[in-house]
Structure formats: structure tokens, C-alpha cells
Amino acid sequence: MANDAGVPLLTPRINNYEDDVLHSPTNYSSFKADTDDIQEIHGVEDLVREFSAESKKLWYLAAPAIFTSICQYSIGAITQVFSGHVGTIQLAAVSIENSVIAGFAFGVMLGMGSALETLCGQAFGAKQLEMLGTYLQRSWIILTTTTLILMFPYIFATPLLRFIGQTAEISKWAGTFAVWMIPQLFAYALNFPIQKFLQAQSKIMVMAAIAAIGLIGHSLFSWLLMLKLGWGLVGAAVVLNGSWWFLVVAKLVYIFSGTCGEAWSGFSLRAFQNIWDFVKLSFASAVMLCLEMWYFMELILVAGYLKNAEVAVDAISICMNIQGWTFMVAIGFNAAISVRVSNELGAGHPRTAKFSVMVASITSLLTGIFLSMVLLLCRSWYPPLFSNNEQVQQIVYDLTPLLAATIVVGCLQPTLSGVAIGAGWQAYVAYVNITCYYLFGIPVGLILGFLLDIGVKGIWYGMLAGTTVQTGVLIIMVLRTNWNKEASLAGDRIKQWGGDLKAKENGENLVS
């Protein structure tokens, strides 16, 4: 497939209708942008003015999204902290359940929910607000059904953990805790579609406020139930489930109270239309995101097979912990640019969408450089904060330049992934991730780490190489994009996936 200039088309074939569009002789260069689209920039003064205006829009979305991500990330971290005061085996059980069992489900649910970033964002930009509620309900149907499948790893967590090499005692405790955490799994299925639904409407501040209240309440009740009342692991399960369901219920109350206007007009049978096409985009979104989330988890797994594995795993874990916090910043840019791109394409503003990508890319790259410089300046004194082992401290010290480089790339890469989500390129990027991460990055890391005996650094070089190549591919993809075509396809996607817009007139609404 190629356009008139011979450049490969970058948008995946999401459904048959779009496949027809891509093969049609439509001249996308003739697409007429909305009159509100950004005008051509002439000179430095215009560039500074427009860059400043776009930066304000970007940070308005990114800052609360970063805060929300940190709060949600901290909920699980706080549970682990309190578990450490209950007992060593309890800490191990909670850590394994959070990182392996719940971590797997979290990635799948978040990935599938991110399909709404494309559809809701473009529909909102096109002012087709009534579609947002339909999309939300479709996503609930798909994710709740998927949850029934994901229950099996929770139910059979003990034998699964034993199979991958965990001790019998840790597997038993973690398996028991996993069964208790099944309610959290269903909260994931509702929460992530809601999050994307509100995000597409730029209702970010309310999510930040709910996340802050949830984190404060989680901390207080964790202390009360786990330590003060001595409920231990039972208390951890009760509070962790309760905190995630608080996030869901609070957002539902906000939506059902009428604050979203036409975006939520009640439950409708239209939610069952075009389910299969929606499943395909949700699955592509899940594959794309999960391949990214699980990639660096492989680093810790592979480190366990090196010489002096305990020291290697400890050092890698410390570096991954630091990268985890910086990743929360990157997630904010990911959310912000996906909203900006999807909204502007849906509104028929291809030039604005393109300019938003440029501003977000420059901002995230500069942010990554700043964070990496801070890390390098703190290179000597931060390792002792995490470990008293001098050998671990030395490895972390040696890995810091690699970690700094990873942070720079790791801030830009999620931004470009956000562009892909906003434009609906999930299926394409999923193939890119498989190739760059798993067919290139990991093999290179294994060769350097084991065959050439470079150790932890060799594995990390391979991982960083895979991420860098993937980022380069995304940059090329963005540079070659015909934004007029993407705006046209966004309009076609809205028409195709909106269902019968006269359904409300025919009395199909079940609950108003």
C-alpha cells in the first residue's frame, strides 16, 4: 500500500470499511481543513506564540495526568510498604501478586481500554458527543468479558508461580492473596474505559482529585487494618480492593450526575453494534501497550540467570524503580498528546494535530534530558538510599549513565506512542514493537550479556538498543504521515463506528 508519492501508508487496516478507504483513489491532499485549524507559521514570532499556546494546552492535560498516574502507582507501592511491616513472606506475596499476576492483568486492561483514546478523542473533536457514551459501554462489555478469562491466572496463581520457579511457601501465600484480589480485576475493567472517556473530554482535574482522595484514604486504612487492627494480608486485600473500587464508583457518580452532558445520556443497545471491530482495535491496543510494559520486566527476569544473580537483580530492581517513577511523567505526556491528536483530527484540524506532535515531542525530550541530568548529578549518593550492599551500590553507580540514556529515550517514546493511539495506529505499532523489542532488543541483550560476558550492562545495552530503534521507527512514521489523510480517516471512522445515530429517536435508550 502506498500513497501517490510512493510512501507506504501507515494507518493499519482496522476494519473492512477502512480497508476500502485506504484502497480508494481518494486524494487526501484535497482534504479541506476546518477554518479553526492553525494557520501557516511565518517567522519566529508566530512560532513562539503558537508554541506557547500549544504548550499551555499540553501541560493542562499532562500535569494532572502525571499526578493521577503517580497516585495510582503509589496505591500498590504503599500496600507493599505496609506488607513489609507485617512480615517477610507477606511482603514477598504482595510483591509477586502485584508485579506478576495483577501486573499482567493491569497491562491487558489498560491496553484494551486505550482503544477509547482513539475513538472517544476523535468523536469529541468532531463534536459527536453522543458517541462517547456508546464507546464507553462497548469497552465495558469487552473488558468485562475479558476479565472472566483473566480470572484463571488469579485462581491458579499458586501452581503458575511454582511453574516459573517460585518457592512453595511464597507461591502459596501469593496465590491466596491473588484470589482475594479478584475484585480489583473487575475494577480494572470499569476504571480504564472511564479514565479514557473522561480524558478525551479533557476532564483531567476531576480524575486527579479522585486519585488524591483515594491515595490518602488508602494510606490511612492500610495502616488501620493491616497494622493497628492486625488484619495483615487480609487487611491488605480489603483496602486495595476498596481503594480501586472507590476510584471507579467516584468517577461513575461524577458521570451519572450529568456533568458530561451529551457524552453520557444513558445505557443504550447501540453499545452492542460493531462489537467485533471494537474488539480488534482493543486487542491491538492491548498488544501494543503490553509489549512495551513487559519489555523491561524481561530485564529483571534475565538478570536472574547471570553470575551473582542476587546482586544483579537487586541492582536492576533499583534502576527499574527509578525508571518507574520517571515513566509516570512519560505516561502524562502519552495521555496528553493522545487527547490532543485525536481531538484535533476529529475536529478536522490536521495542521494543529501535526504541530501538537512537534510541541509534545520537543517538550518530552527536554523533560527527559532534565531528569537524566539530575540523575547523573546524584550518581554518587542515591545508590546507598536503596541498598547497604557495596557491590549493589557499585553496579547501580556503573549503570547510571545507561539509566540516564534510557530515561531520555523513555520520555520521548511514550509520547510518540500517544500519537499512534490518538491517530489509531495501534495495530501497526504492535508489529513494530514485536520486531524492535523481541526480535532485536532482547536477542542483542542476550548476546552481549551472556555470549560476550558483558553481564548486566550487556543486557541493558540490548534493551536500550531495541527501544531506540522502536523510537526511530515511530519518528519516521510521524514524519511521513499525511495529516490530511488522517483527519479524513478520523471522520470516516466516526461515521462507520458511531452506529445508528437515530437510535435514540427510535427509543433504544434503556436508561436515561
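For region 184-197, does any single residue satisfy the condition of being aliphatic (A, V, I, L, M), touching a Leu at 6+ places or on another chain (Cβ under 9 Å) and over 22 Å from ILE101 (Cα atoms)?
Yes, there is a match, as at least one residue in region 184-197 is aliphatic (A, V, I, L, M), touching a Leu at 6+ places or on another chain (Cβ under 9 Å) and over 22 Å from ILE101 (Cα atoms).
Out of (1) open to solvent by 30 Å² or more (accessible area, probe 1.4 Å); (2) in a helix (DSSP H, G or I), the odd one out for ASN334 is which?
Every condition holds for ASN334 apart from (1).
Name every residue in region 186-234 that is without any contact (Cβ under 8 Å) to a residue 24 or more places away in the chain, within 19 Å of THR79 (Cβ to Cβ) and open to solvent by 40 Å² or more (accessible area, probe 1.4 Å), in order of residue number.
Correct list: ILE216, LEU220, PHE221, LEU224, LYS228, LEU229, GLY230, TRP231.
Step by step: first the residues of region 235-293, then only those that are open to solvent by less than 60 Å² (accessible area, probe 1.4 Å) and of a type in the set (D, E, K, R), then the one that is modelled with the highest pLDDT. Which residue is that?
Filtering region 235-293 for residues that are open to solvent by less than 60 Å² (accessible area, probe 1.4 Å) and of a type in the set (D, E, K, R), the one modelled with the highest pLDDT comes out as LYS251.
Take CYS319 and decide whether it is in a helix (DSSP H, G or I) and either closer than 27 Å to TYR431 by Cβ or open to solvent by 10 Å² or more (accessible area, probe 1.4 Å) (or both).
Judged against the criteria, CYS319 is not a match.
Quick check, is GLY418 part of a helix (DSSP H, G or I), of a type outside the set (Ser, Thr, Tyr) and buried (at least 24 other Cβ atoms within 10 Å of the Cβ)?
Yes.
Of all residues in region 91-107 being open to solvent by 30 Å² or more (accessible area, probe 1.4 Å) and at pLDDT 85 or above, which is nearest to GLY165 (Cα to Cα)?
Once the filter is applied, the top-ranked residue is PHE104.
Of all the residues that make up region 337-386, how many are outside any loop (DSSP other than H, G, I, E, B), open to solvent by 50 Å² or more (accessible area, probe 1.4 Å) and among the aromatic types (Phe, Trp, Tyr)?
Of the residues in region 337-386, 2 are outside any loop (DSSP other than H, G, I, E, B), open to solvent by 50 Å² or more (accessible area, probe 1.4 Å) and among the aromatic types (Phe, Trp, Tyr).
Hey, can you tell me all the residues within region 387-403 that are under 27 Å from the mean Cα position of the chain (by Cα) and surrounded by fewer than 22 Cβ atoms within 10 Å (Cβ to Cβ)?
LEU399, THR400, PRO401, LEU402
Residue-wise test of (1) over 26 Å from the mean Cα position of the chain (by Cα); (2) of a type in the set (Val, Ile, Thr).
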{"position": "SER243", "(1), (2)": "no, no"}
{"position": "VAL248", "(1), (2)": "no, yes"}
{"position": "ALA263", "(1), (2)": "no, no"}
{"position": "GLY266", "(1), (2)": "yes, no"}
{"position": "ILE275", "(1), (2)": "no, yes"}
{"position": "MET288", "(1), (2)": "no, no"}
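Is it fair to say GLU298 is farther than 20 Å from GLY113 by Cβ, at pLDDT 75 or above and of a type in the set (Asp, Glu)?
no
Which residues, counting only those in region 147-176, are touching a residue at least 60 places away in the same chain (Cβ under 8 Å) and under 25 Å from the mean Cα position of the chain (by Cα)?
Across region 147-176, the qualifying residue is only ALA157.
Could you identify the single residue in THR134, THR118, THR68 that is surrounded by 21 or more Cβ atoms within 10 Å (Cβ to Cβ) and in contact with a strand residue (DSSP E or B) (Cβ under 9 Å, 6 or more places away or on another chain)?
Exactly one residue qualifies, and that residue is THR134.
The values are calculated or read from the model by the stated rules, or taken from the named source; none is laboratory data. Remember, predicted model here, so these are calculated numbers, not experimental data. Every residue, glycine as well, gets a Cβ built from its backbone with ideal geometry; the counts of neighbours run over all protein chains shown. Each accessible area value is taken on the protein alone, full model and side chains, heavy atoms only, with ligands, DNA and RNA left out. Shrake-Rupley method; radii C 1.70, N 1.55, O 1.52, S 1.80 Å.
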